[in-house]
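The values are calculated or read from the model by the stated rules, or taken from the named source; none is laboratory data. A quick note: this is a predicted structure, and the numbers were derived from the prediction, not measured. Glycine gets a Cβ as well: all are built from the backbone with ideal geometry, and neighbour counts include every protein chain shown.
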Amino acid sequence: GEGAEIGRKRRRRSRSRRWEENSRNVREAEGMHGMPWRDSVAAYTAPEFDLMAGTVAKVSVFQTTRKGGVLGFEDGGAAAPLSSSSSSSGRFPPSAAPSSPLLFMPFWEWQMEFMKSELTNLRPSSTVTPSGVSVGYNENRSKGARIVNHCYASDEYRKIRMTYYDAGDSVQVFNSLWYPQLKYDLPILGIDLLAFGRQRYLTVVDFQPIHATEGEHASRYERALQSLRQPYRSLQGTMTDRFYDSARHFSSQMLFGRFEDEAAVRDELWPACRGYTAAHLDLVRGCVPDESREATERSRGGQRRYDNYSARRDPAHALFKRIFGEEWADAYVYDFLFDLSEPGEEEELSHGDVKR
């Protein structure tokens, strides 16, 4: 009826205003290092600017592109706006078909557009660690690898960290973690997408529990995820215990894929990842916030245990030591990726908790 149409128009106007406000807040952060990249380890010069530290330095990115092309960027090295055929439209872009060297860049682009249109008071956070190490960008010319990191916060999320690691056809990685504000005692949204040699693919998307025993708390969101997960057969695999204990900080409705057919990225991973991301925000919005000291300390303790557990087991730590050096890798893992962690600290269980 007329009332419903008025409501829809108001929601559209509200979303449009939110997108405009958030875009102004993150535009400068998005422009760092020419993001979103359009080709693998391409040649350009982009400003490295940390909004919190207020420093600018030129970063020369090396020429080792698969296609041999040089990207064209607008002022300051910023990438051109997304076209109508980009990931913002909801379709997997033709430019990200198997011929594209940046397989997971559409996931980065879609996430940025989703954050700008759906989150409240989205703002960039510093990518300089407390020890003064800048982790926003790094490269190793001789090994043909580069990494970029963004970090954001909103009224809904304490921290949203985004990472893209580009080593040409040998390795492509998109990783993101969404930590709810501490007033929401909720799981962390974890996204980890890896491609090796464009022949082997390992993907994880999950609502990662922050407490060892979730009980009814977990059953609410796991029931909702079950219907989202059901159509995607290639994402219903079982995680091994090589790096992580699947009974700790992983849910029973985790999207886990280990496959060799790249078409699954487009056909299953693309819609499934977007569905889980939207569902996580719905979970946050539907949660009654509790800002009492007891509640926020419980959430902080759970997120800290998650960070300690993840920092000590992250297999990327050894890779980044080899590529970028030990000092940078340690600062990156302990002070940025998992900033509530303490090197060497054991992740204790909550009092009375047991594994699920």
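Data overview
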{"quantity": "Residue list for region 281-296, restricted to those being in contact (Cβ under 8 Å) with a residue 60 or more places away in the chain and more than 14 Å from D185 (Cβ to Cβ)", "calculated": "L281, R285"}
{"quantity": "Among residues of region 161-208, those that are in a loop (DSSP other than H, G, I, E, B), of a type outside the set (A, V, I, L, M), farther than 30 Å from S142 by Cβ and touching a Lys or Arg at 6+ places or on another chain (Cβ under 8 Å), counted", "calculated": "2"}
{"quantity": "Subset of region 175-190 (residues that are closer than 19 Å to E118 by Cβ and not aliphatic (A, V, I, L, M))", "calculated": "S176, W178, Y179, P180, Q181, K183, Y184, P187, G190"}
{"quantity": "Subset of region 256-291 (residues that are surrounded by 18 or more Cβ atoms within 10 Å (Cβ to Cβ), under 22 Å from E156 (Cβ atoms) and over 15 Å from the mean Cα position of the chain (by Cα))", "calculated": "L283, V284"}
{"quantity": "Options Y164, Y184, Y137, Y201: the member that is over 26 Å from Y334 (Cβ atoms) and among the hydroxyl-bearing types (S, T, Y)", "calculated": "Y201"}
{"quantity": "Verdict on V173 being of a type in the set (V, I, T) and touching a Phe, Trp or Tyr at 6+ places or on another chain (Cβ under 6 Å)", "calculated": "yes"}
{"quantity": "Count - residues of region 121-153 that are assigned to a strand (DSSP E or B), in contact with a strand residue (DSSP E or B) (Cβ under 6 Å, 6 or more places away or on another chain) and polar (S, T, N, Q)", "calculated": "3"}
{"quantity": "Check on R248, modelled with pLDDT under 95, assigned to a helix (DSSP H, G or I), over 16 Å from the mean Cα position of the chain (by Cα) and farther than 21 Å from S134 by Cβ", "calculated": "no"}
{"quantity": "Matching residues in region 90-136 - criterion: being modelled with pLDDT of 95 or more and aromatic (F, W, Y)", "calculated": "F104, F107, W108, W110, F114"}
{"quantity": "Of all residues making up region 330-345, the number that are within 18 Å of the chain's Cα centre (by Cα) and part of a helix (DSSP H, G or I)", "calculated": "6"}
{"quantity": "Contacts under 7 angstrom Cβ, first residue in region 256-275 being in a helix (DSSP H, G or I), partner β-branched (V, I, T), 6 or more apart", "calculated": "L269/T203; A272/V205; C273/I191; C273/V205"}
{"quantity": "Subset of region 302-321 (residues that are part of a helix (DSSP H, G or I), in contact (Cβ under 8 Å) with a residue 24 or more places away in the chain and either at positive phi or of a type outside the set (A, V, I, L, M, F, W, C) (or both))", "calculated": "G302, Q303, R304, R305, Y306, D307, N308, Y309, S310, R312, R313"}
